[in-house]
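Here is the structure we will look at, set down as structure tokens.
The values are calculated or read from the model by the stated rules, or taken from the named source; none is laboratory data. In this text the structure is predicted, and so the values were computed from the model without any measurement. Cβ atoms come from the backbone with ideal geometry, glycine included; neighbour counts cover every protein chain shown. Areas reflect the complete protein model, heavy atoms only, side chains present, ligands, DNA and RNA absent. Shrake-Rupley method; radii C 1.70, N 1.55, O 1.52, S 1.80 Å.
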Amino acid sequence: MGKSIYIAEKPSVAREFAKALKLNAKNRDGYMESENAIVTWCVGHLVTMSYPEEYDPALKKWSLDTLPFIPDDFKYEVIPQVAKQFQIVSGLLTREDVDRIYVCTDSGREGEYIYRLVEQEAHVKGKERRRVWIDSQTEEEILRGIREAKDLSEYDNLATSAYLRAKEDYLMGINFSRLLTLKYGNSISNYLHTKYSVISVGRVMTCVLGMVVRREREIRDFVKTPFYRVVSTIDAQGHQFEGEWKAVKGSRYFESYDLYKENGFKEREKAEELIRFLLEGVDQKEGPVCRIESIEKKKEKKNPPLLYNLAELQNDCSKRFKISPDETLRIVQELYEKKLVTYPRTDARVLSTAVAKEISRNLKGLTRYQMAAPFAQEILEAGSFQGIEKTRYVNDKQITDHYAIIPTGQGLQNLGRLPQISQKVYQVIVRRFLSVFYPAAVYQKVSLVSAVGKEKLFSSFKVLVEEGYLKVANVPSGKKEEDAKNAEEKTDDIQCDAAFLACLQKLKKGAILPVDGYEIKEGETSPPKRYNSGTMILAMENAGQLIEDEELRAQIKGSGIGTSATRAEILKKLVNIKYISLNKKTQVITPTQLGEMIYEVVNASIRALLNPELTASWEKGLNYVAEGSITSREYMDKLEHFIRVKVGGVLQVNYQAALRSRYDSIAGNYRKGGK
């Protein structure tokens, strides 16, 4: 019987496989070998798509006459910087004594592509090939993955979608970047007085730039509107609270044109007029009073949030630690390689049924982690992990490649050697994981409606009565209930203490309470918020919609822009080519003058590239190919048609003059110091 070869994506992962297999292997140049097995590795991509000049040297010179460039057969080449490792891997894969190949690259579309390109260029023939698909790098999971490895052909559709994704990015990038640079690059360089300007265009990158520019323009164009609310101060047995006036049915101002929404006026004079009206006929000795018209008491539950996928983790880390999505991915990838967490490049926020049945292993492991130990012990003793598969945190239908990011309960010996920020990110993942085994947090809510004549004053209070999952979810920050409040607790309810709540609960309908006074509170409408690196990742995940509410995000989740594996890299590239600016302290994203000018060029010539829905539909198409719902040929036909039509359209028109006036308009926003 011949040897088996295990090929990983990088050396560190290869070493973990060798360790799990307990190979008595000798280290060689670029691989390890034992009596019956070989372990080798790529170093990321070893093979890439060839530039146009490899098809025809004349194509090195950019010319409108050579567009669109759509080859019948695509060419590939070994990346020069890693040619040595490719030769080593290629030689090993084609060795006569090797009869079985275990593909151990990352379990996802990109990992599949990395191996398939190597196999293609190495001309591997006549070998048995098996795919190792794992969710963490613990020894048990590696051995399970090898034991249950399926024939590589079962992943052919995934590989096809990976090839198509690369071809799509290649064709759109080369055709549209050359086209727009040749047509309009000089208009930008002349305006900015630079030597030349290459207009970089990408299927996902250009769409994201459009989102940033549109948001900035919404903020610029926003006109603040002042409004005036009337608020009373009501006294209940020495406890004072606010009652906000609203123009509900029965009010003299109901549906009045003077209103800005139902709880405020457009003009201060009208708010003053209301206060005079409320004070009419008041007994001078007793002072103003109100009568309690209704008291509603109810308990409100707040369930633990769903588990982390990469986008949610990147958003939380941007908010908490002010680190970029790219940095978060780097950290969580390292945590994965150190066996501390499961596979990070995932879109799922739930567990699989199979993992849920074995979840006690993860919990037992966490009893050795100081921060988690008391909580993990409590969960294990109470048995609250049993039956987790019947909850919303487990759903096989919501998982494509991998389940949510959770701690493995292993690798803890590596944690102390990692930087502080990595330890903090790990703790956030652990707290989110432990939360799902705790009950909901319970709030007692009291809502009062007080009447002054036919006018109504509204008050709402809540107090936390059962901590539930919040006792583990709260990341120490000096702010009470920070985790629960993150995008979840935006409410008009006034937080109150238990003593005040007890006082409120004694109040009865019809009770007369003194009003200490009325005041006018001036406010103004707020412009939309700029994206920060975290909210941009979420907006990309939801096809351009920034949905603040976490529960709603989970419900409407569909195809996004880019993938969990590529979104951070796209933002990084936009910063590097100076199309957007990222404030390192706040993580807020704004366009640059150059970025806005590029936006105008694309908007005038190939507007479809700025459409998040269209960009998401391309991504959805790739998913359909991976599922086997549509063929590679169907997808390529659609792609080639799109490129031919758009190139033809740009070649027929010229927007140079119109763009000049748009550049002037943009420049006015950057003259004071620029961005």
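If Val446 passes every condition in (1) outside any strand (DSSP E or B); (2) modelled with pLDDT under 95; (3) not polar (S, T, N, Q) but one, which one does it miss? Of everything listed in (1) outside any strand (DSSP E or B); (2) modelled with pLDDT under 95; (3) not polar (S, T, N, Q), Val446 misses just condition (1).
Restricting the stretch 1-55 to residues that are touching a Ser or Thr at 6+ places or on another chain (Cβ under 7 Å) and among the β-branched types (Val, Ile, Thr), the residue that is farthest from Glu121 (Cα to Cα) is Ile5. Residues in the stretch 346-382 that are among the β-branched types (Val, Ile, Thr) and farther than 23 Å from Gln314 by Cα: Thr353, Val355, Ile359, Thr367, Ile379. Of everything listed in (1) surrounded by 17 or more Cβ atoms within 10 Å (Cβ to Cβ); (2) within 30 Å of Glu53 (Cβ to Cβ), the single unmet condition for Val198 is (1). When restricted to residues that are free of Cβ contacts under 8 Å to residues at least 40 places away in the same chain and either in a strand (DSSP E or B) or within 30 Å of Tyr469 (Cβ to Cβ) (or both), the stretch 260-311 contains 1. For the stretch 575-590, which residues satisfy the criterion of being within 16 Å of Gly534 (Cα to Cα) and either touching a Pro at 6+ places or on another chain (Cβ under 8 Å) or touching a residue at least 24 places away in the same chain (Cβ under 8 Å) (or both)? Listed by number, the residues that qualify are Ile580, Ser581, Leu582, Lys584, Lys585, Thr586, Gln587, Val588, Ile589, Thr590. Residues of the stretch 418-468 that are more than 20 Å from Ala372 (Cα to Cα) and of a type in the set (D, E, K, R): Lys445, Lys454, Glu455, Lys456, Lys462, Glu466. Confirm whether Val98 is more than 30 Å from Glu168 (Cβ to Cβ), among the aliphatic types (A, V, I, L, M), more than 35 Å from the chain's Cα centre (by Cα) and open to solvent by less than 40 Å² (accessible area, probe 1.4 Å). Yes: the conditions hold for Val98.
Just one of the numbered conditions (1) within 29 Å of Arg345 (Cα to Cα); (2) open to solvent by less than 50 Å² (accessible area, probe 1.4 Å) is not true of Glu110; which one? Only one criterion is unmet by Glu110, namely (2).
Count of the stretch 114-154 residues, restricted to those that are open to solvent by less than 50 Å² (accessible area, probe 1.4 Å) and farther than 21 Å from Tyr76 by Cα, is 15. Of all residues in the stretch 61-82, those being of a type in the set (Lys, Arg) and either within 34 Å of the chain's Cα centre (by Cα) or within 19 Å of Lys167 (Cα to Cα) (or both) number 1.
Residue by residue, here is whether (1) open to solvent by 60 Å² or more (accessible area, probe 1.4 Å); (2) not in a helix (DSSP H, G or I) holds:
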{"residue": "Ile589", "(1), (2)": "no, yes"}
{"residue": "Met597", "(1), (2)": "no, no"}
{"residue": "Glu600", "(1), (2)": "no, no"}
{"residue": "Ala604", "(1), (2)": "no, no"}
{"residue": "Ser617", "(1), (2)": "no, no"}
{"residue": "Val625", "(1), (2)": "no, no"}
{"residue": "Arg644", "(1), (2)": "yes, no"}
{"residue": "Tyr663", "(1), (2)": "no, no"}
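Among the residues of the stretch 31-51, is any in a helix (DSSP H, G or I) and either within 17 Å of Tyr170 (Cα to Cα) or over 36 Å from the mean Cα position of the chain (by Cα) (or both)? No - not one qualifying residue is present in the stretch 31-51. Looking at the stretch 258-288, which of its residues are hydrophobic (A, V, I, L, M, F, W, C) and open to solvent by 60 Å² or more (accessible area, probe 1.4 Å)? Phe277, Leu279, listed by residue number. Among the conditions (1) part of a loop (DSSP other than H, G, I, E, B); (2) within 40 Å of the chain's Cα centre (by Cα); (3) of a type in the set (D, E, K, R), Arg217 misses just one, which is (1).
Applying the condition of being touching a residue at least 12 places away in the same chain (Cβ under 8 Å) and of a type in the set (Ser, Thr, Tyr) to the stretch 623-640 and asking which residue is farthest from Arg109 (Cα to Cα) yields Tyr635. Applying the selection to the stretch 560-587, what residues are surrounded by fewer than 24 Cβ atoms within 10 Å (Cβ to Cβ) and charged (D, E, K, R)? Residues satisfying the conditions are Glu569, Lys572, Lys573, Lys578, Lys584, Lys585.
Assess whether Lys298 counts as being open to solvent by less than 60 Å² (accessible area, probe 1.4 Å), of a type in the set (D, E, K, R), under 45 Å from the mean Cα position of the chain (by Cα) and over 20 Å from Gly517 (Cα atoms). In short, no.
At least 2 residues being open to solvent by less than 20 Å² (accessible area, probe 1.4 Å) and under 30 Å from Lys573 (Cβ atoms) is the threshold, and among the helices (runs of 4 or more DSSP H) wholly inside the stretch 312-390 those reaching it are 325-337.
Would you check if there is a residue in the stretch 60-67 being under 22 Å from Val124 (Cβ atoms), open to solvent by 60 Å² or more (accessible area, probe 1.4 Å) and among the acidic types (Asp, Glu)? No, every residue in the stretch 60-67 fails to be under 22 Å from Val124 (Cβ atoms), open to solvent by 60 Å² or more (accessible area, probe 1.4 Å) and among the acidic types (Asp, Glu).
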